Amino acid sequence: MSEAMTSTGRESTPTASPLLRVRDLKTHFPIRKGVLSRVHANLRAVDGVSLDVATGETVGIVGESGCGKTTLGRTILRLTPATSGSIHFDGHDVLSMSSSTLRRVRRDMQIIFQDPAGSLNPRMTVASIVGEPLMIHRIATGRNMSERVAELLEKVGLTGDDLHRYPHEFSGGQRQRIGIARAIALNPKFIVCDEPVSALDVSIQSQVINLLADLRGEFGLSYLFIAHNLAVVRHFCDRIAVMYLGRIVESASAANIFASARHPYTMALLSAVPEPDPQRKRSRIVLRGEVPSAVDPPTGCAFHTRCPFATDICRSETPPLTGKTGLSDDHIVACHHADELLQFPASTDHVSASGGDTL
Amino acid sequence: MTRGPDQHATGSQRLWQRFRRNRAGVVGLGCVLSLLLIAMLSPLIAGNVPIVCRYQDQWYAPAVVETVRRIPIVGRIVRPSKPFGLPGFDAKSELSDADTAIWPLIPFGPTETSTQSFASPSSTHWLGTDEIGRDIAARMVHGTTVSMSVGVVAMGIAGFIGLFIGGIAGFAGGWVDAVLSRVIEVVICFPVLFLILSVMVWLEPNIVNVMIIIGITRWTAVARFTRGEFIKLKEQEFVLAARASGAGTLRIAVRHLLPNALAPALVTLTFGVAQAILIEAALSWLGFGVQPPNPSWGNLLRSAYVHLRSDPYMVYPPCVAIFVAVLAYNLVGDALRDAIDPRTELQART
């Protein structure tokens, strides 16, 4: 499965107009202080991200907590206001469209949240939660709506009997299915999955991932799949982008990320993927220190404070996100030493071999 | 250790399950419901017309008709039961012993005078009579109607204003919030009783004006709680999900935020009813509230106070009633606050 997906993903990437095109997107949150509420600093949650998602493609965004991946997803749907940059979805300029156009475009782009408990209104029944988008867009009302909602529930593995129950009566996995039913209610083209399985038990995780994969096949959906765990995205995504402090530091097809990662941060993430075989020896890249503050990010390469390979140039110059020799065309890395790091087979070899089939 | 709430109960069922564990709250709720019942059915409990009677070969239910007629709006449809509603018609002398009649428990009207003034409590006049021979028990029962309706209606007005202003402040944020928060703070600073007293100089002192003026000065607590709740709730993912579904501002505020913000507002309103009862009693005591001869706990206390030295028995009923009502509403408010707080779950009561 993953092989086939990867190849289609790679082919569709260079097409003229992808479904979603994000260019140099920045989302800064002003930090106000004092009586006059002066903006005294900016938290740079997303700081210059460019990204394409083709029709039918699944792009994974991976990074630690606080790297801005959730904000990126919300900014793309205009749930959080962007500071600068551009977002084009299906030919529409998302950031400049009027609220009525936005409402229409939102039929095609939906979101699934991380916390299945917090994303469902505790005082609404399943019928009204899943039916709300249908009502807002005047797609179905009354009896029609109940039938349509029951249909959606069956599609995500629940039953029509659940219509009149409240969210607290369901388990975490079932709640996430309700959230998925709501997201697909409008027949969207694109869904942002904001860590949809992070809050779930491992056994439930794979069920939900399989459900998302089935829906992708059935409706030709495109996903932006946000995760903090590489193992989860490995088989599900066509391409993977690794984020660190509001920027993408490496992006490649899922297979290439696992086979030939070049950015030291990606390598560190890969080495954190659990190893199912206890006999296999491997060296881990353990990152020291904390993620620097996004209010006052380090100069040069943001990762230099924790990078074992950092040199002077890393501290002064921001590395561009470009292709490197010896890598496939769609594989881009933002590291001054990406070429030299090829000389560290110890770090890449064992890492690629230990991808971990936790799914 | 008590059993946790049933997993499959709805929100309000779970609230009741948690409320029930607080014994003082249940007692308070019992008192509140009894007082409301007395307030609603006061002509059936105390009055000088029978509940049901046969008069000149016709059946009448004058006290029932009177009870229905006091319901706002709906009551207008029902016509008074002639000849019992007519002035100068004394049911007691008109009906002979031979006529079948079921009388209220206290067969005296709240403004019905008798020759027996300053009668001590007896089997006829349970709580005695006042300076012009009116039955104090009957006046207490009808005073309950005044106190309860002032409390509930005033807090209804306050709740409406508070939810509206607090909701807008919390939802809009920014300068709207800043301006409305300052408005709330200014209103909090009003010395309510003095404000009401000065306004009452211009307005006719009657029960409706008392309700309105308490309502438009006591909404600040509700507004502040609602504002906080809206600020907290609007960051929740289900609100983002609604926005992603294309929901507009009004739908989010009314369908998603308001129902979740109602419980804390209800707690403040319950405490507010107790406050309103006290304010009404104080106003009536000072002569700016309900005007004699209409009874209210406040003006009953005032007339008792005048005769405190010679006839102290008159002062107890209104004092006890005000005390019980205020305590009951506060107990209910406390229990309700604990019941809606999810952390109560952890500290299981012994």
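The values are calculated or read from the model by the stated rules, or taken from the named source; none is laboratory data. Owing to the predicted nature of the structure, the values given are computational and were not obtained by experimental measurement. Heads up, the Cβs are rebuilt from the backbone with ideal geometry, glycines too, and the neighbour counts pull from every protein chain shown. SASA here: full protein model, heavy atoms, side chains in, ligands and nucleic acids out. Shrake-Rupley method; radii C 1.70, N 1.55, O 1.52, S 1.80 Å.
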_Kirkwood estimate for the stretch B:46-162, i.e. one over the average of 1/r between Cα atoms, Å_ = 15.9 Å
*Normalised by the residues of chain B, what does the relative contact order come to in percent, with Cα pairs under 8 Å and at least six apart?*
22 percent
*If you place +1 on the Cβ of every Lys and Arg, -1 on the Cβ of every Asp and Glu, and leave all else neutral, what size is the dipole of the stretch A:169-320 about its Cα centre, to the nearest 20 Debye?*
260 debye
*At a Cα cut-off below 29 Å, give the lysines reachable from residue B:92, other chains included and same-chain residues fewer than 8 away excluded.*
B:82
*Count, for each residue of A:133-144, the Cβ atoms from other chains sitting within 10 Å of its Cβ, then give me the mean as a whole number.*
2
*Kindly express, to the nearest 10 degrees and within the range 0 to 90, the angle between helix B:258-286's C-alpha long axis and the longest C-alpha principal axis of chain B.*
40 degrees
_Order by protection proxy (mean Cβ within 10 Å, highest first), peptides B:280-291, A:139-150_ = B:280-291, A:139-150
*Which residues' amide hydrogens lie under 5 Å from the amide hydrogen of residue A:25, considering only partners 5 or more residues apart or on another chain, with H built in the peptide plane?*
A:48, A:49, A:50, A:86
_If amide hydrogens are placed 1.01 Å from N in the peptide plane, which non-local residues have theirs closer than 5 Å to the one on residue A:243?_
A:62, A:63, A:249
*Would you work out what percent of the accessible area of chain A, with all protein chains in place, is carbon or sulfur (probe 1.4 Å)?*
49 percent
_Sorted largest first, extent of chain A alpha carbons per principal axis (Å)_ = 67, 60, 41
*Hull shadow area, averaged, the stretch A:180-266 [alpha-carbon convex hull, nm²]*: 6.2 nm²
_Could you derive backbone 3J(HN,Hα) for the stretch A:230-239 from the dihedral phi with the Karplus parameters 6.51, -1.76 and 1.60 (θ = phi - 60°), listing whole Hz in sequence and x where the residue is Gly or Pro?_
5, 4, 5, 7, 3, 8, 9, 9, 7, 10
*According to the Cα gyration tensor, what semi-axes, each the square root of 5 times an eigenvalue, does the equivalent ellipsoid of chain B have, listed from largest to smallest in whole Å?*
44, 24, 21
*Could you give the dipole magnitude of the protein assembly as shown about its Cα centre, charging the beta-carbon of Lys and Arg +1 and that of Asp and Glu -1, in debye to the nearest 20?*
720 debye
*Of the options B:257, B:186, B:238, report the single residue whose Cα projects farthest towards the positive end of the charge dipole of the stretch B:185-297 (beta-carbon charges: Lys, Arg +1; Asp, Glu -1).*
B:238
*Output the antiparallel fraction of DSSP beta bridges having both residues in chain A, as a percent to the nearest 5.*
60 percent
*Which whole number gives the average, over all residues in A:101-111, of C-beta atoms from other chains lying within 10 Å of the residue C-beta?*
2
_Dipole moment magnitude, nearest 20 debye, the stretch B:138-349 about Cα centre, only Lys, Arg, Asp, Glu C-beta charged_ = 160 debye
*Report the normalised scattering of the stretch B:264-334 as log10 I(q)/I(0) at q = 0.17, 0.20, 0.21, 0.22 Å⁻¹, calculated by the Debye formula with identical scatterers on the alpha carbons.*
-0.64, -0.80, -0.85, -0.89
_Nearest 100 Å² is fine: what is the total accessible surface buried where chains B and A meet, probe 1.4 Å?_
2200 Å²
*Counting only protein chains, not ligands or nucleic acids, how are A:309, A:236, A:219 ordered by accessible area (probe 1.4 Å), most first?*
A:219, A:309, A:236
*Could you state how much accessible area residue A:171 has, in square angstrom rounded to the nearest 10, with a 1.4 Å probe and all protein chains kept in place?*
60 Å²
*Convex hull over the alpha-carbon atoms of the protein assembly as shown: what's its volume per residue in Å³?*
222 Å³
*Quick one: angle between helix B:174-189 and the longest Cα principal axis of chain B, in degrees between 0 and 90, rounded to 10, please.*
30 degrees
*asked:* Output needed for the stretch B:117-251: three equivalent-ellipsoid semi-axes, defined as square roots of 5 times the C-alpha gyration tensor eigenvalues, in descending order, whole Å.
replied: 45, 19, 10
*Where does the charge balance sit around residue B:244 when Lys and Arg score +1, Asp and Glu -1, over other residues with C-beta under 12 Å from its C-beta?*
+3
*Give the residue from B:270, B:114, A:337 lying farthest towards the positive end of the charge dipole for the protein assembly as shown; charges sit on Cβ (+1 for Lys and Arg, -1 for Asp and Glu) and the dipole is referred to the Cα centre.*
B:114
*What is the helix-to-structure angle for B:316-340, meaning the angle in degrees between its Cα long axis and the longest Cα principal axis of chain B, kept from 0 to 90 and rounded to the nearest 10?*
20 degrees
*How many Cβ atoms of partner chains, on average, are near each residue of B:230-241 if near means within 10 Å of its Cβ?*
5
_Inter-label distance for residue B:105 and residue B:82, nm, one decimal - labels placed 7 Å from Cα along Cα-to-Cβ_ = 3.4 nm
_Protection proxy ranking of B:149-155, A:313-319, A:23-29, B:236-242 - average other beta-carbon atoms within 10 Å, highest first_ = B:149-155, B:236-242, A:23-29, A:313-319
*At q = 0.20, 0.21 Å⁻¹, what log₁₀ I(q)/I(0) does a Debye calculation on the Cα points of the stretch B:23-90 give, no solvent, two decimals?*
-0.84, -0.89
